[in-house]
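These notes concern the structure reproduced below.
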Amino acid sequence: MSINLQGRHLLTLLDFSPLEIRYLLELSADLKAKKRSGQVGDLLRSKSIALLFDKPSTRTRCAFEVAAHDEGGNVTFLENSHMGKKESLEDTAKVLGRMYDGIQYRGYAHRDVELLAKHAGIPVWNGLTDEYHPTQILADLLTIQEHIAKPLNKIKLVYVGDARNNMGRSLLIGAAKMGMHFMGLAPKALWPDPLFIERLSATAKEAGAVLEYSENIDDAVQNADVIYTDVWFSMGEEAQMNERIRQLSPYQVTLSMLTKTQNPDVIFMHCLPAYHDTNTKVGQEIAEKFGLEELEVTNEAFRSRHSVVFDQAENRLHTIKAVMVATIGRR
């Protein structure tokens with residue numbers, strides 16, 4: 001497939017056609033196969049990449065750094081820059097744009113990554129904002145393709161949890177673009193803005209996608225191919241923990257929920273980190289405060305044969321590599 005994405009930003013998958021997304025997935029699979037076979041790449045040789053982080057990260061930072069190094073690129077990790085403090089985002093973007101070939105930004109307001117893209121003059125990639133998480137969705141789509149012997153437009157994906165958050169919104173976009181059956185399973189108070197869903201209606205219709213929401217677990221998960229969940233509260237939302245736990249406790253992913261799909265090959269996905277035990281500082285604090293040792297998913301389900309969460313995590317590397325190669329790589 002010959003698609004030219006040179007010079008393009010990746011801020012949200014809303015900006016990419018289904019054909020362009022398929023191209024990125026094919027490129028990801030090809031680059032993954034080459035890495036697995038020990039081939040050394042040079043598609044980012046002489047390219048320099050700036051990584052801007054306003055939010056903590058494990059997978060996103062590691063994936064960008066390893067992906068760049070795999071293809072001969074150089075990376076600068078910026079955590080304590082002057083951006084937004086002593087220097088505006090616009091000025092920072094213009095400075096970095098003269099030194100680097102691409103910029104990754106992970107932070108809060110989506111407007112910040114948009115400003116960087118507007119003024120940098122080089123490709124900018126969204127590593128996560130409060131509204132969108134496009135690199136995660138590419139990894140998710142690649143993982144689904146690897147584990148389920150169906151085309152994406154035959155897949156039913158059930159997203160369980162706060163469907164308004166960046167993952168709920170981004171999965172909805174990915175499903176609409178790729179013709180999937182998306183089911184959001186959550187209390188109605190946690191469904192996205194109807195205007196956002198309506199915005200995707202034409203895209204969904206063209207691709208043959210079905211976009212639905214339900215509060216009923218038994219009906220929603222029936223015949224699902226994928227059960228997907230995320231944390232019940234994101235960074236910066238700790239004040240809402242009480243309310244989220246009250247709202248979402250009935251929707252905890254368990255082995256029983258996976259069984260209710262009536263699909264023995266259903267897979268469980270989570271973008272990580274997950275609160276499935278108390279082996280973290282936050283997990284211990286939640287257990288002490290609320291008496292809960294598991295939140296959005298039980299440890300039993302998380303570690304079951306259905307779980308593909310670590311394949312998912314690895315695929316962040318391969319899909320992020322594809323994004324960088326496609327947008328700034330040597331031809």
From the set of residues in segment 42-58 that are at pLDDT 95 or above and outside any strand (DSSP E or B), which is surrounded by the most Cβ atoms within 10 Å (Cβ to Cβ)?
Leu44
Is it true that Ala301 is crowded, with 20+ Cβ neighbours inside 10 Å, assigned by TED's automatic domain parsing to the domain that holds Val124 and either modelled with pLDDT under 95 or in a helix (DSSP H, G or I) (or both)?
no
Hey, does segment 21-34 have a residue that's assigned to a helix (DSSP H, G or I) and over 21 Å from the mean Cα position of the chain (by Cα)?
yes
In segment 237-253, which residues are at pLDDT 95 or above and either under 22 Å from the mean Cα position of the chain (by Cα) or surrounded by 20 or more Cβ atoms within 10 Å (Cβ to Cβ) (or both)?
Leu248, Tyr251, Gln252, Val253
Subset of segment 281-298 [modelled with pLDDT under 95 and of a type in the set (Val, Ile, Thr)]:
Val282, Ile286
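So that you can scan it fast, the table gives a plain yes or no per residue for (1) aliphatic (A, V, I, L, M); (2) assigned to a loop (DSSP other than H, G, I, E, B):
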{"residue": "Thr60", "(1), (2)": "no, no"}
{"residue": "Ala63", "(1), (2)": "yes, no"}
{"residue": "Val66", "(1), (2)": "yes, no"}
{"residue": "Lys85", "(1), (2)": "no, yes"}
Of the criteria (1) of a type in the set (S, T, N, Q); (2) without any contact (Cβ under 8 Å) to a residue 24 or more places away in the chain; (3) surrounded by 16 or more Cβ atoms within 10 Å (Cβ to Cβ), which one Thr259 fails:
(3)
Pick from segment 68-90, criterion modelled with pLDDT of 95 or more and either outside the structural domain of Ile122 (by TED's automatic domain parsing) or in contact with a His (Cβ under 8 Å, 6 or more places away or on another chain) (or both), ranking: surrounded by the fewest Cβ atoms within 10 Å (Cβ to Cβ)
Glu90
Wholly within segment 212-293, which helices (runs of 4 or more DSSP H) include no fewer than the required count, namely at least 1 residues that are more than 26 Å from Arg305 (Cα to Cα) and among the charged types (D, E, K, R)?
241-248, 281-290
Test set (1) surrounded by fewer than 20 Cβ atoms within 10 Å (Cβ to Cβ); (2) at positive phi; (3) under 20 Å from the mean Cα position of the chain (by Cα) - Leu128 fails condition number
(1)
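The values are calculated or read from the model by the stated rules, or taken from the named source; none is laboratory data. These numbers come from a predicted model, not from an experiment. Neighbour counts are summed over all protein chains in view; Cβ atoms, including those assigned to glycine, are modelled from backbone coordinates with ideal geometry.
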